[in-house]
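Scroll down for the structure; my scribbles are underneath it.
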Amino acid sequence: MIGKLLILGCCCAAQAQSSLWNGRNLPNQTETQPARLTRTQLASVRAVLVAWNDKLYNPLCDDKKDTSWLNELHFSWLPLGPAPVTLVEAGQGCGLRGGQGANGDMWLIAWDGSHPRLIASPTTDFEGFLDAIKVSSSHGFHDVTLGWHRGGGETGMIYFRFDGRSYRPVSTATLIDDFSSPNNQRITDIKPYAPKR
């Protein structure tokens with residue numbers, strides 16, 4: 001009896017993981033709108049990111065005082081929830097974004113008036129590139145999927161859900177594209193999220 005319950009539980013968990021990846025995307029939402037931040041907003045975001053970097057055991061640059069990476073950031077508005085949200089993408093410098101520009105560190109900043117709040121960071125594997133904003137939501141914010149180009153038609157994927165305070169990874173998968181036709185992509189290797197570090 002216990003064995004049957006364990007098998008049933010595993011099947012239900014696998015179906016739940018799979019249903020995350022089968023959910024619909026919001027239409028036309030991966031084309032982000034550039035955000036033109038005011039000087040005050042820009043200074044506030046940089047202060048949040050410096051405070052985040054200062055808490056890291058291994059800071060982004062070898063020298064914690066090196067803040068040159070803050071000069072190469074790219075900002076976009078994302079329609080994630082009731083509060084305005086800015087996607088911050090790393091540019092070149094301190095190994096933050098790959099040479100081709102596809103993979104790199106990213107942060108999400110939610111705005112409460114003029115006060116920025118960090119709701120996602122590379123600390124929880126929020127890195128790579130924005131894949132999709134999902135129709136499904138939690139605590140008023142849409143789910144998000146990110147990808148990490150591995151090459152050879154393979155992309156690592158992470159599914160993020162808002163927990164009321166921040167975005168947390170809940171599932172991973174691999175997107176396979178064999179390039180034989182435009183619609184020949186499939187999601188495989190779906191698993192609950194397990195930290196890399």
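The values are calculated or read from the model by the stated rules, or taken from the named source; none is laboratory data. Keep in mind it's a predicted model, so treat the numbers as computed, not measured. For neighbour counting, all protein chains shown are included, and Cβ atoms are generated from backbone atoms with ideal geometry for every residue, glycine included.
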Subset of region 140-164 (residues that are at positive phi and modelled with pLDDT under 95): Gly151, Gly152, Gly153
- prompt: Considering only residues of region 23-46 that are farther than 25 Å from Gly113 by Cβ and surrounded by 10 or more Cβ atoms within 10 Å (Cβ to Cβ), which is modelled with the highest pLDDT?
  reply: Asn25
query: Can you tell me how many residues in region 48-70 are assigned to a helix (DSSP H, G or I) and either of a type outside the set (Gly, Ala, Ser) or touching a residue at least 40 places away in the same chain (Cβ under 8 Å) (or both)?
result: 8
task: Among residues belonging to region 165-188 that are of a type in the set (D, E, K, R) and at pLDDT 75 or above, point out the one that is surrounded by the most Cβ atoms within 10 Å (Cβ to Cβ).
output: Arg168
- request: Return yes or no: is Arg150 of a type in the set (D, E, K, R) and assigned to a strand (DSSP E or B)?
  value: yes
Leading residue by the ranking (nearest to Pro59 (Cα to Cα)) among those in region 120-135 that are touching an Asp or Glu at 6+ places or on another chain (Cβ under 7 Å) and in a strand (DSSP E or B): Glu127
